[in-house]
Structures are given as structure tokens and as C-alpha cells.
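Asks: Can you read through this structure? Questions will come right after.
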Amino acid sequence: MNMDELKLEIKKIIISALELEDIKPENIVDSEPLFGAGLGLDSIDALELGIALKKRFGISFSAESSDNRKHFASVDALAAYISAQKNGETK
Amino acid sequence: MAWSQKRIKTALCIGFLVCGGLVALVTGSARILTFYPALVNLFFLVLFGHTLFVGPSMVYRFAALKDKSIAISPYRKKIAAYCRKVTLVWCCFFIVNGSIALLSVFGETYRFWALYNGCIAYILMGLLFVGEYIVRKVVQKNMKGDFIPLTQIKLNSRDMDSIVCYQGRYTDGVFKTWQDFARDCTKMRHFLMAHKETQWILNCEDCYYFYVTFASLLQCRKEILLTANITPEFIKEIRLPGIGFLTDQKAPDSTDIAAIVEGPDAGIEEFPAIEASETRIHMYTSGSTGHPKAVLQRMKEFEEDNAFVISKWGHEFWKRKVCSCVNQHHIYGLLFSVVLPFAAGIPFRRNRITIPAEFKSLTDDSYVIVAVPAFLKRTVEDETESFGLKSPVIFTSGGVLTPDVARKTDEIMGFWPIEVYGSTETSGIAYRQSKNGLEWTPFDNAEISQNAEGCLIIRSPYISDPAGFETADLVEIFPDGRFLLKGRSDSIVKIEEKRISVTEVENRLNQNPYVKDSCVIAMEDRRQYLAAAVVLSPAGAEKFAGAEKFEINQYFRSYLAGFFEAVVLPRKWRYLDAIPQNAMGKRKKAEIKALFEKKIEDIHGISFAIKEQEEKKISVTFSAPESCDFYDGHFPEQKFLPAVAQFHIAVKVAEQYFKVAVPLVETRRIKFSHPILPDRPMILTISCDGSKFQFAYSDEAGKEYSKGTFFSKETV
């Protein structure tokens, strides 16, 4: 899966896992923050998104909260983290 | 170095004894040999005895060698004192035992010598071992810290190296000590005293920075405005002239706490006294008036509440460390994750736990986990294996923890959570552990009663108003004082433990020039959330003409984000011509609610009503009218719903509800019991397990007509 496909997949997961209404993948800007400003997701969304991504990509998030805040910052950050984790596995 | 010297000394002593024994053997002098037991006692007396003077005591050295955690235990001073006593007891034993051994040498015969040194001495030694073991277990069980509330601390209240808080896992060993706390409070007080503001807004993610600032503000007799919400609009509203703003969140126009605490050293000064009943702590909640509301609290009540919790669960706290996933700007988080552990001398975690995976790393020590139901639910719901936590104790508050989640928490995390019932106005007032029943037991001294509407009234030392506090919670009170909660009576709703007044959200929306009217309601399907129905003003209609609905939603969401936390921002939006209301002007809540409920679109002219819905299961009612084209071409003389139509309906409903795609050609199985006749009211139930869907058609009486399975492309 290339980066663009991965990002699209992540957006689809965000929308379906969080049951966001009226939003299409193209409405989500790759570099925009997911939490706070931008999409404005909340802490419950963060928990659920983490679970959905874990299920879909089989990745795990670190036990260090500051790292996770970084990974969840935007679609770009998530994609980078997931592909890094995936590559780490195949090596 | 010191150790190796001691080892040499020890080796010399042992060498001396062995030599003595050899001399006795070689010379064959039994007389010398009989002194041997006395010499051994003397040797041990010296070995143990000298550690009483140079420390740490011999028994402590043995214990610390065996159990590495003693070195960083909050009770190491107490353990050391106990070990010293035990060392002393052993020294006395060696003196007495050695003396008897010595005297026995001068007996008439060797019989007594042999009996005592060969048997009795060993029995006595064994008894002492066993006795000490029993005493140790009792002492360990009662090992506890001292309860010294924040308002009564002095520099010498605790040892300078006692641990206040830790980072990450306790055994990582990254600590802040009493000395650090005293030093950092001194810096903070210097800062505060140099500023004239008498009221300060406080918001701090880091619990250590938070408490340094909190304590210093009280010590400088400042008023504290605690808020979890630091959106610029909210701060603007509560920050009247003359109010300062301290945070570690780099908010605009604020003072950075980290810069002060990590700033130049100002020495260590004595903690100024705090008058607990004169402290003023304003805690912001969402009030029913529709405006940000602060509840004024005092340390006096907080500390009374803490004292009760410690009297009830102190023995559990003192065996553990505290970690929390609850924001300390809310009363429960404040009391349980910071104020209480600090007062009880229990190390607390500096950083809040923000993702469930962090729990899995906390297997190094035993913890008290301060949690909320929403977090626990998401932590355990998808887990199948125990986290392997070391006998944790879990507290939860802020919302109802369903017995199901409580049981799952017990399975995965190893403890059935203790729920605490309370509110910002009342702090903790009752508790329950749902495995023992759903009734709540009031805290000691809490007097409960009901008002005319059936709402709970509480009077207790933890509430400053002697008249007590009237909650909006409907209750049933039993003769023994326990009670059951029956729901809330007003417009305040809880969204994943965040209390929010829907009126407040409506007021904010109505203040926006593009809004004419609005109605906000609480919804719950997969999760709890708010939904907003909005009537646009003419200006709004003009502004949003031609805009996508998503863009309008985003506009209002970011507008509201200026006032509210993300969790309470409406997730679903409907734009209406008017808010449905009855002739009396009362809003038709059910009708508005229906606008947001999930709907199943009509299929071939058949309409569906959702009967029950769960995450992985749905049941709908419908009846296929005779006019429906499903019957065309099949068995004209006896119309009934053919298999292909039954599949089609089940698949279409599943696709809509579970948002999946079911391929046309796919393994499909169906088993008929009875034909489905036209116009007959039917219930279709579909449950999903991964990509496998099972459906069944039945009637109201529960009679099954057919059932089958099909598969979707992706898993749910």
C-alpha cells in the first residue's frame, strides 16, 4: 500500500469507526490536526480510533503518552507512524 | 570499598573460628572444643552488633538484598527502624544464648552442654525465626504512612528524601522528593508574592507542577480558579481584571508554570501556614443556568473527605502507589489523584494516563488506579487477556459503571472497581462495588434525604453549607440508609462523564448571529454524544447558501469549540425550518430525537422501524404489503415472501446499519420453517460476528419463520 492509499484508508477508518456524519474522506485535510482545532475529535474518539487502527493494521501504540499524542496529531503523522511500524515488522 | 573491607573482616573472623576448631581437633583438647558454641555466638553478636552503630542494620542489609524494592519504598525509614529492632533482638539472643553456652561448659558432665548446644539452642533459634516472621507480617500489614493534610504541612513533616511523585513506572526511579517540593514551592511563592493578583486561574497537565502551584497559591493566601477548559473564549469570560493565569500549556497571555519551577533556585523556606477554612477554590463546572458556573470549595471539606477515604481504604492505599487517568481540575480527579495521596504520603504519578496501553506497563508495582467509567470501558472491552497487574485497587467516579464493564475490568485488570458517587458541590458522598449490589452506601457522617421531587439531598461535613446540598439525581432510599439512583431530573446530561447543560450549549448557539433557534439533545447509541437541531437566521441562510452540510457543521463546531470541551461538541446536526413544538410551546423532544436516530431506508416500498439496536446486533420491525413487487411472478395463487427477497431485505438492512458491502455472489444459507405472508408484522434480527451475518425472521410472539447466514466483504 502506498502512502496515499494508506492515508485514504486511515480517513475511511476515522469516519467509519467514529461514525462521523456528513464527512467524506476528501473533507479531511492530511496535515490538519485531528484533535483540538481542525476535525475537533475528542478524547473518547482518540481511544476508539486507537482501537480501530490496532484492529485494522495490527499495530500497537507505545505506553508513552507524549509519543502517542504526536502520532495522533494528523492523518500525515498517523500514516507515517503506521508505515514505519509496518516496515519495522517486515525487516 | 567499605563493603569489601567488611568482607575481609568477616573472612578473618570466620578464619579465626575455623582455626580454633582445627586447633581443638589437632590438640584433641575437648575443653577448647566446648567453648566453640559460645564463640560462635560472640562472633554473631559482633557481626550484628556493630551494624547497630554503623548502620544499616544487619537485618535490613539481608532484607534489601532479597527485596530490591525496599530501597525505594515510601516506608523505607520505617522498614529500617523495624529491621534495627530485629537486629537488636538477635543481639540480645546471642548474648543470652552465648552466656548459657559458656556456663554449660563448666557443668559437672557434658550432658547439659550437649543437650543445650546440640538441641535447645537450635529450637530457641527456630522459635525466634518463626516469631519474628509472624510479627513481621503483622507489621507489614499495618505499615502505613502518616496523614498530614496540605494545610498542616511543615518542612519537617516528612523526611527530605521521601517521595512525593514519580514519572512513568514507579520502579523507573524518576522521583520528585519532599525536598524538591519544598524548593519548588519556595520559587513559586516568591513569584506569587512579587505579583499583586489575588486570584489566579490554574490549569496544569503535569500533576507535580499542578500541586506545587496549588499549594503555593494557598500558602500565599490567593484564590484559585480551577478549570479544565482553557479555550481563549472561556478564559476571556472568567478572567476579570486583576486575575492571573498560571498554566503549563503555553496558552496566550498566561504565565508558564514550568518556567518558574525550573527557574533559578530560591532556597528552601518553611511552608507558610494555611487556614483550611479560609481557602477559596473555585471549581468550574457546567451549571444549569447555561453560563459557566464556579462552585466555591475549601480545603477544609476536601481534607475531611480525604480523611474518610483514608479511614475506609487507607490500608489499601498505603500498600500501593497512585496513578490516575482523571483530570485533576475536576473534583474527583483533584481529591483522589493528588490531594489525597499527597496528604497520605503516597507517591502519585506525575502524568495522567491517557491511553489504555499505558496500564499494561504498570506491572512493576502495586497501584491504586483512579479512573472513570468511559476510560475503563474502552480499556477492557476489546481485551481478552489479563494485563497481569499486581493486585491493583481501582476507583471510578463521574458516571455510572455498568456491572458488565465492572466484571470485564475485574477479568482484565484484576479488580472489581469501587465506584464513588459525588459531585463538584458535594465531593464524594457514597460508594459501591457493584458485585455486592447496585445500592450506594453513604460515606460516614453523610445524612441523606429526599426532596418533594424525589431528588437526593445530602448533609455532611464535606459540604460547607449546613443546609446540605440538593442534587438533581432521583433516588430511592432504603431504611438502612443505602440508596439507589434513578436518573437525573433536569437538563444537565452527562456525555462520557463530562457534565454539560444542554441549555448552555443552546444558549451559545442562539448567541451566534447565523442562528435563529436551536435545540440540543443527548443521544446514545454506540457512544454518548450531543446532537443539535438548528434553525438558521436569514443571515445564516444567506451565508451558507450553496455550502456543503459538512462545512456548516464544521463552522458551528469550531464556534462552539471556543466555549466547550471537544467531548461535548454536537456530533450530528440537522438544519430545520422550525424546532418541532406543541401548542403550549413545549418542544417535542421525542420527535427531535427521532431526527438523529439511525434509520433504515425503505426497501421496495417496505418501511422499517428500529426495535432494538446494539453495536453488533439490530432488530427491525416491518410488514411487506401485498402491493409490494417482491411477490410478483412467484406463486400467484399463494403469495409469500420468496427466499431471494428475504435475503435481499436482510442484506440491505445489514448494509445500511453496519455500513458494509455484501457481494452479490456469496455463500448464503437459509432455512425455512414457515412462509411469510403479506401484511404480516415481522421482526428481522441481524447479528454480526466479524464478516459473518446471521439473520432470523420471526413474529411478535417469537415464532421463527426462517433463518440464514451471509458474509460481507470486510469485517465489522
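The values are calculated or read from the model by the stated rules, or taken from the named source; none is laboratory data. All of these numbers come straight from a predicted model, not from anything done at the bench. Note: ideal-geometry Cβ built from the backbone for every residue, glycine included; neighbour counts use all protein chains shown. Each accessible area value is taken on the protein alone, full model and side chains, heavy atoms only, with ligands, DNA and RNA left out. Shrake-Rupley method; radii C 1.70, N 1.55, O 1.52, S 1.80 Å.
Asks: Determine whether region A:71-84 contains at least one residue that is farther than 30 Å from residue B:552 by Cβ, within 12 Å of chain B (Cβ to nearest Cβ) and either in contact (Cβ under 8 Å) with a residue 12 or more places away in the chain or under 13 Å from the mean Cα position of the chain (by Cα) (or both).
Replies: Yes, because at least one residue in region A:71-84 is farther than 30 Å from residue B:552 by Cβ, within 12 Å of chain B (Cβ to nearest Cβ) and either in contact (Cβ under 8 Å) with a residue 12 or more places away in the chain or under 13 Å from the mean Cα position of the chain (by Cα) (or both).
Asks: While we're here: In this structure, does residue A:58 turn out to be out of contact with any Asp or Glu (no Cβ under 7 Å at 6 or more places or on another chain) and within 10 Å of chain B (Cβ to nearest Cβ)?
Replies: no
Asks: Condition check: at pLDDT 80 or above, more than 26 Å from residue B:229 (Cβ to Cβ) and buried (at least 18 other Cβ atoms within 10 Å of the Cβ). Does residue B:448 satisfy that?
Replies: For residue B:448, the condition - at pLDDT 80 or above, more than 26 Å from residue B:229 (Cβ to Cβ) and buried (at least 18 other Cβ atoms within 10 Å of the Cβ) - is met.
Asks: Name the residues in region B:597-650 that are surrounded by 13 or more Cβ atoms within 10 Å (Cβ to Cβ) and assigned to a helix (DSSP H, G or I), would you?
Replies: B:630, B:631, B:643, B:645, B:646, B:647, B:648, B:649, B:650
Asks: For the structure I just gave you, tell me whether residue B:162 is closer than 22 Å to residue B:60 by Cα, in contact with a helix residue (DSSP H, G or I) (Cβ under 6 Å, 6 or more places away or on another chain) and not basic (Lys, Arg).
Replies: The answer is yes for residue B:162.
Asks: Residues that are farther than 30 Å from residue A:43 by Cα and in contact with a Pro (Cβ under 8 Å, 6 or more places away or on another chain): list the helices (runs of 4 or more DSSP H) wholly contained in region B:172-249 that include at least 1 such residues.
Replies: Result: B:178-193, B:207-219.
Asks: A follow-up question, please. Take the residues of region A:23-62 that are in a loop (DSSP other than H, G, I, E, B) and polar (S, T, N, Q): which is surrounded by the fewest Cβ atoms within 10 Å (Cβ to Cβ)?
Replies: The residue in question is A:31.
Asks: If you scan region B:24-72, which residues turn out to be closer than 19 Å to residue B:163 by Cα and modelled with pLDDT of 80 or more?
Replies: Listed by number, the list holds a single entry, B:64.
Asks: Restricting the first residue to region B:538-561 and requiring it to be away from chain A (no Cβ under 11 Å), which pairs with a second residue that is exposed (fewer than 14 other Cβ atoms within 10 Å of the Cβ) and in a helix (DSSP H, G or I) meet a Cβ separation below 8 Å and a spacing of at least six or different chains?
Replies: B:544/B:551
Asks: Looking at the structure I just gave you, is residue B:117 out of contact with any Phe, Trp or Tyr (no Cβ under 8 Å at 6 or more places or on another chain) and not assigned by TED's automatic domain parsing to the domain that holds residue B:40?
Replies: Judged against the criteria, residue B:117 is not a match.
Asks: Now, a different point. Need a quick list: strands (runs of 3 or more DSSP E) entirely within region B:666-710 having at least 1 residues that are within 17 Å of residue B:623 (Cα to Cα) and at pLDDT 90 or above.
Replies: B:682-689, B:692-698
Asks: Next up: Could you tell me how many of the residues in region B:519-544 are open to solvent by 40 Å² or more (accessible area, probe 1.4 Å) and either touching a helix residue (DSSP H, G or I) at 6+ places or on another chain (Cβ under 8 Å) or modelled with pLDDT under 90 (or both)?
Replies: 4
Asks: Looking at region A:1-22 only, could you name the residues that are within 9 Å of chain B (Cβ to nearest Cβ) and open to solvent by 30 Å² or more (accessible area, probe 1.4 Å)?
Replies: Those that are within 9 Å of chain B (Cβ to nearest Cβ) and open to solvent by 30 Å² or more (accessible area, probe 1.4 Å): A:16, A:19, A:20, A:21, A:22.
Asks: Quick check: is even one residue across region B:421-429 within 14 Å of another protein chain (Cβ to nearest Cβ), at pLDDT 90 or above and buried (at least 17 other Cβ atoms within 10 Å of the Cβ)?
Replies: For region B:421-429, residues within 14 Å of another protein chain (Cβ to nearest Cβ), at pLDDT 90 or above and buried (at least 17 other Cβ atoms within 10 Å of the Cβ): absent.
Asks: If a residue must be buried (at least 23 other Cβ atoms within 10 Å of the Cβ), in contact with a helix residue (DSSP H, G or I) (Cβ under 6 Å, 6 or more places away or on another chain), modelled with pLDDT of 90 or more and farther than 20 Å from residue B:494 by Cα, how many such residues does region B:345-379 contain?
Replies: 3
Asks: How many residues does region B:650-681 contain that are among the polar types (S, T, N, Q) and over 49 Å from the mean Cα position of the chain (by Cα)?
Replies: Residues flagged as among the polar types (S, T, N, Q) and over 49 Å from the mean Cα position of the chain (by Cα) within region B:650-681 amount to 1.
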